[in-house]
Amino acid sequence: MHRSSRSPRGYASRLLGVFALILFFLTHSGAAQTAARPKGFVQIPWGSSVSDVLRTLADRHKIVLPEELPTGDKIEIEGGFFSEEPVVRWTLEFRKGGLVSGSILIRPRANPVGTYRAFRELIIQNYGRPNSDGRPGRSRTRVEPNHLGNVAIWKFDPGLSDKESKSILCQLATESGTTTADPAALLILLRYTNETLMDSRKGPQEAPKATRKFDF
């Protein structure tokens, strides 16, 4: 006697197959959602207070702070070291007293191009490939070694486990933000930003500021 393909055993087998497929997608989707994302600036959590940020930078990066700590939505501190490289300037941005963005302008001890590539590779190891990579204003799949002034940008869109949008920028340029053919004039800019906190904490009367190349 011919057994129907709709038998309970056949139905159960197909149902198990569907469950296995759903489990596969849920597992891989969860792995994608838990991929590394910047939780702060140089291991300082987003939303940290001005005093906490400044004292942490002083403890970890040899920054000499003034007796009276600066205040405000944008603070610039000179000196110190990052990854054993001398820092020209730290630029910190706050909204409603909480950290939303941090930048480091570095003057490499030697070989700015090689140091830039080393920083870029470290960021790739932590967060994956950048969304754009190459000369400013142009999207490239790789850094062009003959063009000094490259920039790599990482974008992190909101996800299920982290609903905040963030970004990282690593740029090779002069202090004024221009490209140059003189490697000795090159600096490295690193910038980490929590775009969601920066936008959500803006005051209603906050007027836009005139932009500069390195107006962090």
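Nothing in this text is a laboratory measurement; each read-out follows from the coordinates by a stated rule. Every value quoted in this text rests on a predicted model; they were computed, and no experiment measured them. Cβ sites come from the backbone with ideal geometry, for glycine too, and all protein chains shown count toward neighbours.
Annotations for the structure displayed:
- Surrounding net charge for Asn126, when Lys and Arg each add one and Asp and Glu each subtract one, Cβ distance under 12 Å: +3
- Net charge, Pro66 excluded, C-beta distance under 13 Å - Lys, Arg +1, Asp, Glu -1: -3
- Note on Ser200/Thr71: beta-carbon distance plugged into 1/(1 + (r/R0)^6) with R0 of 22 Å gives a FRET efficiency of 0.55.
- Local charge for Val88 was computed over the other residues whose Cβ lies under 12 Å away, with Lys and Arg +1 and Asp and Glu -1, and equals -2.
- Scoring 95-101, 155-161, 83-89 by mean Cβ neighbours within 10 Å over their residues and listing the highest first yields 95-101, 83-89, 155-161.
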